[in-house]
1. With everything on Cα atoms, drop me the angle between helix 192-205 and the longest principal axis of the chain, reported from 0 to 90° to the nearest 10.
2. What is the chain's relative contact order, in percent, from Cα pairs under 8 angstrom and six or more apart in sequence?
3. With volume of the Cα convex hull per residue in Å³ in mind, check [x] 156; [y] 166; [z] 132 and report the label derived from this structure.
4. In the stretch 85-163, which GluC sites (Glu not before Pro) are in a loop and have at most 14 other Cβ atoms within 10 Å, using DSSP for the loop call?
5. Quick check: Cα centre of the stretch 278-318 to Cα centre of the stretch 64-125, how many Å?
6. Distance in nm between label sites at Ser132 and Arg302, each 7 Å beyond Cα in the beta-carbon direction?
7. Taking the chain as a Gaussian network, where each spring joins two C-alpha atoms under 10 Å apart, which residue of Ala305, Ala238, Ala201 fluctuates the most?
8. What is the calculated FRET efficiency for Glu28 to Asp88, with r their C-beta to C-beta distance and R₀ = 25 Å, to the nearest 0.05?
Amino acid sequence: MSGPVPPLFSARAARVATEGRVVLDALEIETRGGLFVVSGDAGPLVAVLCGVPENAAEAAERARQGELVAISEAPRVVSGAVAVAGRDVASGAHHAVLGVALFDLPTEHDRTVGDHVEGTIRVALARRGAVSRSEVARETSEVLTRAALGGGPKRRLGTLALPEKRALEVATAAAAGAEVLLLDRPLAGLEGAAAAFVLGAIERAREGRGAIVRALALTPGTAEGDLARRATDCAVLAGTGVVFSGTLAEHAQGSRVVSVVVRTAPSELAHGLVEAGLTVSGGPHRLTVVLGESRRPSEILRVAAAVRASVVEIIPLM
């Protein structure tokens, strides 16, 4: 008799660090379904799951431009427990079930779609055992079907529009026996038909699989916000902790969460906002503020003016 199905994602008293600096602390999350959307300061969480430094994409792009940038150390779990589908993250056991899509990475424009997919699948299969030509061919065909691209496998990567590139990476992440997808900001900057095209690829890739999806924000009326409202679980991270975990239906009616980027006097601003009755976390230069019902972002600016803090940007998270 089979036992209970482990949660898609769980973290218990987890601490994550990189280069001697704690980036996530006292993390407590246990998902209840198959679609987990994370937002806010979720970069370290994605990095520890995929094992890739946060600045890897930036370093690769700048290297293509002739500039060398030091790649930071990948975050790791240093205490507590983090698991994906019951597989331990600290030991790397979760890589056996995880398919990763990191978007907008530099590509060889003249390489064909088919060659790109085949190469990725060969690496993924090699990590899980022997590689056969027939299996690579079958997996490649399935990826191209899921991606729904025009032009077939001979199309050049350089001819793909941004939504097509992202759909291809989503589809490829689901190859080689992946049970859980990790999709890093697949809908960022997309709306309308472009977002719908990528959403279609996500839904096809999710068939029979769980998914952990990072979103820049959970704002209502956006593609990312609409995906989050269909999710079984959501979490908003700020600083080193979680400021919200659950479904958006459980989010307090009328309340909002915003990220505040501060150039000067961040401590004074945080103290002033707490005195004004607002919930504040994070820091030093990026604060997360919970605005209760009837509270407005303009209150943050009033407090900033009073304490002479320079606010660069207020970004709605949910």
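1. In the chain, helix 192-205 runs at an angle near 60 degrees to the longest axis.
2. On the way: 638 pairs, mean separation 59.0, N = 318.
Across the chain, relative contact order equals 19 percent.
3. Computing volume of the Cα convex hull per residue in Å³ and matching it to [x] 156; [y] 166; [z] 132 gives [x].
4. Details: sites: Glu108, Glu118, Glu135, Glu139, Glu142; in loops: Glu108.
Answer by residue number: Glu108.
5. 35
6. 7.0
7. Fluctuation is largest for Ala305.
8. Details: r = 17 Å, r/R0 = 0.67.
So the FRET efficiency works out to roughly 0.90.
Every number here is computed from the coordinates shown, using simple stated rules; none is lab data. What you see is a predicted model; the values in this text were computed from it and never measured. Counting neighbours? That spans all protein chains shown, and the Cβs are built from the backbone with ideal geometry, glycine included.
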